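Here the structure comes first, spelled out in structure tokens, and everything after it is commentary.
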């Protein structure tokens, strides 16, 4: 059996490299186009009106649904619901589709997937990057027991009805396999842009640790502030650079001033080029999550940017990423409630630059396993064989 000729790709937050944010769907959709598959992308943007245009051969439909990390939980849910209904309306008009590739979060995209299967008679592949509803339930965002029960029922229904499932991490794959043991699950982690990021370091005499990404509840950047405070108290020649956006950013900036952290700076959030420029000055990157176990199952974009740029990886959580960076000797993890652990680990690399360089080289070597080409080949192989799956 050959590959499908036309795919509808649903991703509410489709971004190009110049826009910033996660660009996994951009790379994967572009790779399918290069393989001769027609790709119709259904997404949203913050503009006031509907827009349709071609991006690298991808037919992109931008639905006017404003969204940002600054929105309240209720307004986010409303944005998810609006995207769901508008996507279904748009999908209904698209003809001769062979497969739908539907991304979550949010889990509400599962309704689009089920509509495709039962109304349009189009099989779907479901991609899972974050575990909904388990994560918001663990975080205490969703507390209603009746709603929680329904969401877990719906989650399992969406997984069962998928022709195949793509998990962004081994931990997510294990979680899904336990829920639906008979389902075909492929692990295709996020992409390391090894061709884009330069491993050169513009050393300015200070050991710089960069944080790039979201400043939200799930990230708990107060952990980073505590680490910066400890580094300052120990008079370490370390500076933290934060390039982030999100609901918690104003609070984090206020806390930084209260703590008088002169070893921490904020930079305007930007696309890949801005991240690349800032990474050139950094020796390490910092990845932060709140101490909610399921958050550690994810596949954060900035991990792969850090690997691509050959940086020491510093994390404050347990899980598959901790195992990955420790086994490949390219970073360390510490308990965020014990910042003395952070300092003890960091001092090793401040004193031993040869070891630092070895870990940075190991990071770059590991990035090669997560190249755009590898991810694209895995997805294409899945597309070719999905018709044989149940």
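Remarks
- Against the list (1) in contact (Cβ under 8 Å) with a residue 60 or more places away in the chain; (2) within 18 Å of the chain's Cα centre (by Cα), the condition residue 236 fails is (2).
- Checklist (1) assigned to a helix (DSSP H, G or I); (2) surrounded by fewer than 18 Cβ atoms within 10 Å (Cβ to Cβ); (3) at pLDDT below 95 applied to residue 79, failing item: (2)
- Residue 143 being outside the structural domain of residue 308 (by TED's automatic domain parsing), at pLDDT 95 or above, out of contact with any strand residue (DSSP E or B) (no Cβ under 7 Å at 6 or more places or on another chain) and over 28 Å from residue 363 (Cβ atoms): no
- Here is the figure for region 44-61: residues that are in contact (Cβ under 8 Å) with a residue 24 or more places away in the chain and either touching a helix residue (DSSP H, G or I) at 6+ places or on another chain (Cβ under 8 Å) or surrounded by fewer than 20 Cβ atoms within 10 Å (Cβ to Cβ) (or both) total 6.
- Filtering region 123-155 to residues that are surrounded by fewer than 22 Cβ atoms within 10 Å (Cβ to Cβ), more than 24 Å from residue 290 (Cα to Cα) and touching a helix residue (DSSP H, G or I) at 6+ places or on another chain (Cβ under 9 Å) leaves 123, 154.
- Enumeration of residues in region 103-140 that are in a loop (DSSP other than H, G, I, E, B), under 17 Å from residue 11 (Cβ atoms) and modelled with pLDDT under 95: 105, 106, 107, 108, 129, 130, 132
- Among the helices (runs of 4 or more DSSP H) confined to region 239-320, the ones with at least 2 residues that are modelled with pLDDT under 95 and within 17 Å of the chain's Cα centre (by Cα) are located at 272-279, 301-308.
- Boolean, residue 341 is on the phi > 0 side of the Ramachandran plot and outside the structural domain of residue 35 (by TED's automatic domain parsing): no
- Residues of region 158-175 satisfying the condition of being outside any strand (DSSP E or B), within 18 Å of the chain's Cα centre (by Cα) and surrounded by 20 or more Cβ atoms within 10 Å (Cβ to Cβ): 168, 169, 171, 172, 173
- From the list 331, 319, the lone residue that is closer than 17 Å to residue 302 by Cβ and out of contact with any strand residue (DSSP E or B) (no Cβ under 6 Å at 6 or more places or on another chain) is 319.
- Looking only at region 3-27, and only at residues there that are within 14 Å of residue 38 (Cα to Cα) and assigned to a loop (DSSP other than H, G, I, E, B), the one that is modelled with the highest pLDDT: 5
- Selection status of residue 264, surrounded by 19 or more Cβ atoms within 10 Å (Cβ to Cβ) and over 30 Å from residue 166 (Cα atoms): yes
The values are calculated or read from the model by the stated rules, or taken from the named source; none is laboratory data. None of the values given here were measured: they were computed from a predicted structure. FYI the Cβ positions are ideal-geometry reconstructions off the backbone, even for glycines, and counts take in every protein chain you see.
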